[in-house]
Amino acid sequence: MKIVKGLVLIVGTASFAIGLFMIFIKPQLQAPPKHWFEIVPIGDPFPSATLASPSGQRTSTEDLLFGKWTVLSFLGSPSYAEGSYPPVIQERFGHDRIQFVSILPGDTDFSDGFMPSGLDFWYDVEGTLERTLEIPSHVREHAYWTFLVDPSGRVDFSMVNRLKPEELRMLVESRLADKRDPLETVPPAENVAGTQLPDLRLLDWEESSTVGLPKGEDFSLVYFPGSSCADCAANKVQIQISRMSNMLSGTSSPTLYVVLSRHIPFQEVKTLFEPIKGRVYRTAEDYPLLEDPYLTLAGIGSQPYVLTVSARGLVERKIALEDWLQIHAISN
């Protein structure tokens, strides 16, 4: 009888131990389920697949991605900015060092789709990538991945979204830029608050002399980036200038300076800014804090904005011109 009880106790204890193992230990030994937004871990080779170009040329991901840095978009259709920006980056760092590739689903119809010239288009002709990466069907129509693949074909960076142009530039610079590169890295637009405004060399209205902004007083600086005046004669810009003119003619006129990028064809827009010519200047050189030179070179539109600057020359705030005008209209 004691032997039977002993066996029962042993079996019960063993069952209890096995239960604990199944509940607490076994899950830790198994790899966690792969989330669809972590489809390729950092450091892993980008998956192998056969790709085809719109013209029918075939290659493999191994051959396509080997030997240079690759900014790779997967599944989603690229935007205009993504097509305009790459040539500017390649011009700086070299076509032999970086490429921009877009891989689309195998059933993509290229005949009527938007195909920016700055991207090298391929499609997953056999659907290998979608199967390998186990992408759910409900994700396929909406997801967009951005990868940075190193010259050995391994994933260096991944993101489930599009990169903003300035984010793309900063990512590439962090990997490819030489410390001796003369082009200063530009801080993201939203991070300029607290930055010291550089001593600006500005041309006056007649473009006959170079002046600087006053020191020791608070002021607001309205800046028109180089690519913001592609259609300066548009009704919206005319209204903005008219509102600034009315503001400057008021009894409580703010200390305001309007600065146009040197990349704006001044003679073509000079008449437009005539009502506020006493406050209008042009930059005599490029200032990365004011304007991302890549956006200007790529022709990517940037909206005019306002910097509020303290008497110590520190940028306190950056806000879109339209929003700034609305705030002043309400306060007055």
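Read the figures in this text as sums done on the coordinates, not as results from a lab. What you see is a predicted model; the values in this text were computed from it and never measured. No Cβ is skipped: glycine too gets one built from the backbone with ideal geometry, and neighbour counts run over all protein chains shown.
Counting 0.36 nm for each residue step from residue 270 to residue 91 and taking away their Cα separation leaves a gain of 61.2 nm.
Model label points for residue 63 and residue 176, set 7 angstrom from Cα along the Cα-to-Cβ axis, are 2.3 nm apart. Under 5 Å between amide hydrogens, built in the peptide plane, is the criterion, and for residue 97 it picks out nothing among residues at least 5 positions away or on other chains. The slack in the chain from residue 255 to residue 199, taken as 0.36 nm per residue of separation less the alpha-carbon distance, amounts to 18.4 nm. Sorting 86-92, 210-216 by their mean Cβ neighbour count within 10 Å, with the most densely packed peptide first, gives 86-92, 210-216. Placing a pseudo-label 7 Å from each Cα along the Cα-to-Cβ vector at residue 215 and residue 285 gives an inter-label distance of 1.7 nm.
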